[in-house]
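Read the structure below first, then the notes.
The values are calculated or read from the model by the stated rules, or taken from the named source; none is laboratory data. The structure displayed is predicted, hence computed values, not measured ones. Neighbour counts run over all protein chains shown; Cβ positions are idealised from the backbone, glycine included. The protein model used for the area step is the full one, side chains on, heavy atoms only, and it has no ligands, DNA or RNA in it. Shrake-Rupley method; radii C 1.70, N 1.55, O 1.52, S 1.80 Å.
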Amino acid sequence: MNQLLYEGRTLVGMVSSIIGQDTLHVMYNRLDWERMFRLADYHRVANVVYLSVLGKGDALPDRWRERFFERYQESLLFGENCDESLKEVLMWLDMREISCILLTSVSIRELYKLPETAENTPVQILLDEENYYLAKGYLVDLGYETDQIYKGYGERMRKISGVSVILYQKLPFRTPGYAKNMQRILEDSYIKEPFENICELSIESEFVYRMARCVYRYVTDELRLREVLDLQLFHQKWRSEINWEAVQKKLEDFQVDELAEKLLRIAYMWFGDKKDNYFTDQPEDISVYDVLEDRLLTNGTINRECDVQALKLEKAIRKEIEKEKRGEGRELFWEKIVDTLKQFQKKLRWVFPDYHYMSSIYPLVEKLPVLLPVFWGVRGFRLLLRVFIK
């Protein structure tokens, strides 16, 4: 078995055992813990893995035990500070009448049996371009620093206490179809009490947003285990209250409804309760889930994709990327043209100085400006003469 795939499945087992409070038998002595930490940290579940390795004695080297503990400690501190810090941010935005939409909120933490196993970056805020920079400036004043940049879309800002906020000025989806359907979801947002300018998504719309985002990030090989886990917990909590016909219709508009169901199924396979009978029917071809799992756990290193919707979305994204590259190429070409012209103008001004400069050197030019071309020649001859004399 591919090592990355083996480590990925082991990681899923560790996280699942803690979330579901189940026992797990793992050959801890055979694991490369440096690789396991980096993998867990990438998937943003290192704080969960720490609980999984507690009491394993010498199986885990002290160095990596401490790294896992650091992530767990950060999660504890985040839980203590996040509510007040985020409330402060939202109150400031509201007081200055800065309209924004909460795409996700800290409420996802409430779905974890152990709050410290939740993620440290649960809040995503969408603003227009002008308000985006106002909000960013305020966060800088509060002690937040840019932790990660999403070029062209936004950035994640983090405080020393561990509290993080993701600011978007544009939703991170390249294809026009995705952007259009996401905009429709945003139109269903409503004012979040007790604020007057802060909006949030309905439970139904937030689920569609999470689902469509997971699908998009799956086909770009950026989907993390944390996002799959959040999706499963969110669905499990609210599935009885969601209008599934409306959800299905919206996912069909995205043209990802079948792929979305596969991702949700695998989320339940990994993290769901084995007694949960939500998915009562077994899929006819289980191999399609092996393909999905292999790609997700190896970040596309093993890619045997055969899902029609995944391939179609992947093609659309690739097309947009190529279009962006062509646009960047044109911009770079014209920048070079402009730079060349500027350099030529500088050389031209040096060879043929303006009237004021020439009249300061040759007083006769000031009396007879018509002689300016003549003295350009005189100046050029003198410069050449200096070169030959040297």
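Overview of results
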{"item": "Three-way shape label, region 72-140, alpha-carbon gyration tensor, a/c 1.5", "result": "prolate"}
{"item": "Overall form of region 85-228 per C-alpha gyration tensor (a/c, 1.5; a/b vs b/c)", "result": "rounded"}
{"item": "Gain on full stretching of the segment that runs from L311 to N197 - 0.36 nm per residue minus C-alpha separation", "result": "37.1 nm"}
{"item": "Order by protection proxy (mean Cβ within 10 Å, highest first), peptides 174-183, 23-32", "result": "174-183, 23-32"}
{"item": "If the convex hull is drawn through the Cα atoms of the chain, its volume per residue in Å³", "result": "253 Å³"}
{"item": "Taking the chain and dividing mean pair separation by its residue count, relative contact order in percent (alpha carbons under 8 Å, at least six apart)", "result": "14 percent"}
{"item": "Helix-only [θ]222 nm of the chain, DSSP H runs n ≥ 4, -39500 (n - 2.57) each, per residue, nearest 500", "result": "-20000 deg cm²/dmol"}
{"item": "Zone of Q148's modelled label, taken as backbone nitrogen in region 286-310 under 15 Å from a point 7 Å along Cα→Cβ", "result": "299"}
{"item": "Nearby lysines by direct alpha-carbon distance to K262 (threshold 29 angstrom, same-chain neighbours under 8 apart not counted)", "result": "K113, K170, K180, K237, K249, K250, K274, K275, K312, K315, K319"}
{"item": "Candidates R67, R217, R330, ranked by Gaussian network fluctuation over the chain, Cα under 10 Å, top entry", "result": "R330"}
{"item": "Positive minus negative residues near P176 (Lys, Arg vs Asp, Glu; Cβ under 12 Å)", "result": "+3"}
{"item": "Phi to ³J(HN,Hα) by Karplus 6.51 cos²θ - 1.76 cosθ + 1.60 over region 241-250, Hz, x for Gly, Pro", "result": "10, 8, 7, 6, 5, 5, 4, 4, 5, 5"}
{"item": "Nonlocal amide H pairs with Y150, under 5 Å, H built at 1.01 Å", "result": "E155, R156"}
{"item": "Between 0 and 90°, nearest 10: helix 308-351 axis offset from the chain longest Cα axis", "result": "20 degrees"}
{"item": "Diffusion coefficient, µm² s⁻¹, Stokes-Einstein with Kirkwood Rh over alpha-carbon pairs of region 180-264 at 4 °C and 1.567 mPa s", "result": "96 µm²/s"}
{"item": "Rounded to 10°, Cα long-axis angle of helix 33-42 versus longest principal axis of the chain", "result": "70 degrees"}
{"item": "Between 0 and 90°, nearest 10: helix 129-141 axis offset from the chain longest Cα axis", "result": "80 degrees"}
{"item": "Largest-first ordering by accessible area, 1.4 Å probe, given options M91, M36", "result": "M91, M36"}
{"item": "Summed side-chain charge close to L77 - residues other than L77 whose Cβ falls under 14 Å, Lys, Arg +1, Asp, Glu -1", "result": "-3"}
{"item": "Longest to shortest principal axis, alpha-carbon extents of region 266-313, angstrom", "result": "33, 20, 18"}
{"item": "Order by protection proxy (mean Cβ within 10 Å, highest first), peptides 144-154, 159-169", "result": "159-169, 144-154"}
{"item": "Which of V378, V48 is most accessible, then next, and so on - probe 1.4 Å", "result": "V378, V48"}
{"item": "Gyration tensor verdict on region 5-50 (Cα atoms; rounded if a/c is under 1.5, prolate if a/b is larger than b/c, oblate otherwise)", "result": "oblate"}
